[in-house]
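Colleague: Pasting a structure here, questions to come.
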Amino acid sequence: MSDERLVRLAQELEWLGCEAGFYSKQTSELGVEAFLEKQREIVATAEKIERELKTAVRFNLTSLVGVEYPMEWALDSITDLLAALQSVKQCALQTADELPPNVRQFSRMVNNYVRASLPLSA
């Protein structure tokens, strides 16, 4: 898993979620159509992130933890990220008002995970 790709996808998800939150308040036909498009994009981006996380665990576990962190920590972190991602997808489909804070929280979780998983320099 590329940390840069994961961060980029999380940022994309955050942007889409905030846009969807804006469009969810629109009552015009164009606003509703824009919201539905953002909703589809959120689900597609969330699925990309999910594949990245699951692929990393399945095929290259050592890249998750480096040398400094125990395996249990890495797996717990991935599990937390997957659960938060599921929450984002549910918000996109059910409670659009909660979407902007939810995607921001997920983006922070990804940034914290990436920072914590970087090897410490001497």
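The values are calculated or read from the model by the stated rules, or taken from the named source; none is laboratory data. None of these values were measured; they are calculated from a predicted model. Note: ideal-geometry Cβ built from the backbone for every residue, glycine included; neighbour counts use all protein chains shown. Keep in mind that these areas ignore ligands, DNA and RNA; they rest on the heavy atoms of the full protein, side chains included. Shrake-Rupley method; radii C 1.70, N 1.55, O 1.52, S 1.80 Å.
Colleague: Sort 3-10, 16-23 by packing, meaning the average of other beta carbons within 10 Å per residue, with the highest value first. Walk me through the numbers before you get to the answer.
Modeller: Working: 3-10: 16.1, 16-23: 21.1.
By packing density, highest mean first, the sequence is 16-23, 3-10.
Colleague: Would you kindly derive the ³J(HN,Hα) couplings of the stretch 77-84 from the backbone phi angles with the Karplus curve 6.51 cos²θ - 1.76 cosθ + 1.60 (θ = phi - 60°), listing them in order in whole Hz, with x for Gly and Pro?
Modeller: My calculation for the stretch 77-84 gives 5, 5, 4, 4, 5, 5, 5, 5 Hz in order.
Colleague: Using a 1.4 angstrom probe on the protein heavy atoms only, could you order E47, E52 from most to least accessible area? Numbers along the way, then the final one.
Modeller: Numbers: E47 80, E52 40 Å².
Most to least solvent-accessible, the answer reads E47, E52.
Colleague: Between T79 and Q105, what length comes free when the chain is fully extended (0.36 nm per residue of separation minus the Cα-Cα distance, one decimal in nm)?
Modeller: Details: separation 26, 0.36 × 26 = 9.36 nm, distance 1.53 nm.
Going from the current span to full extension adds 7.8 nm.
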